[in-house]
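The values are calculated or read from the model by the stated rules, or taken from the named source; none is laboratory data. Because the structure is predicted, anything quoted here is derived from the model rather than measured. Quick reminder, even Gly has a Cβ in these numbers, built from the backbone with ideal geometry, and neighbours come from all protein chains shown.
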Amino acid sequence: MKSSELNQRRQQATPRGVGVMCSYFVEKAENATLWDIEGNEVIDFAAGIAVLNTGHRHPKIVAAVEQQLQAFNPHGLPDCPVRKLCHAGRAD
């Protein structure tokens, strides 16, 4: 399906008060580059909050996420990373 077709579907399903910055649909992102579903390459000038400082898929961030996914991480419960952060700011 092409971006133009997806845009028509999006317009039918999205309330008018919701703004959309671009008319393409991103399939892949790496550093500051985005690729849409048609293979066009664009620079991500919007850089959302989650990627502003590191870019899309920064290797260190990906490695940290993969490492954490292997660990037990229940939502809302303190775990080892939280404990490390608490101890990091302590003056012994």
(Q) Considering only residues that are within 25 Å of Glu5 (Cα to Cα) and either surrounded by 13 or more Cβ atoms within 10 Å (Cβ to Cβ) or free of Cβ contacts under 8 Å to residues at least 24 places away in the same chain (or both), which ones fall in region 31-46? (A) Thr33, Leu34, Trp35, Asp36, Ile37, Gly39, Asn40, Glu41, Val42, Ile43, Asp44, Phe45
Q: Check whether at least one residue in region 28-46 is at pLDDT below 85 and either of a type in the set (Lys, Arg) or on the phi > 0 side of the Ramachandran plot (or both), and report yes or no.
A: no
Q) Can you tell me which residues in region 9-28 are touching a residue at least 12 places away in the same chain (Cβ under 8 Å) and touching a helix residue (DSSP H, G or I) at 6+ places or on another chain (Cβ under 8 Å)? A) Ser23, Tyr24, Phe25
Q.
I'm trying to understand the selection: among the residues of region 1-35, which are more than 22 Å from Asn53 (Cα to Cα) and either among the β-branched types (Val, Ile, Thr) or touching a strand residue (DSSP E or B) at 6+ places or on another chain (Cβ under 9 Å) (or both)?
A. Ser3, Thr14, Val18, Val20, Tyr24, Phe25
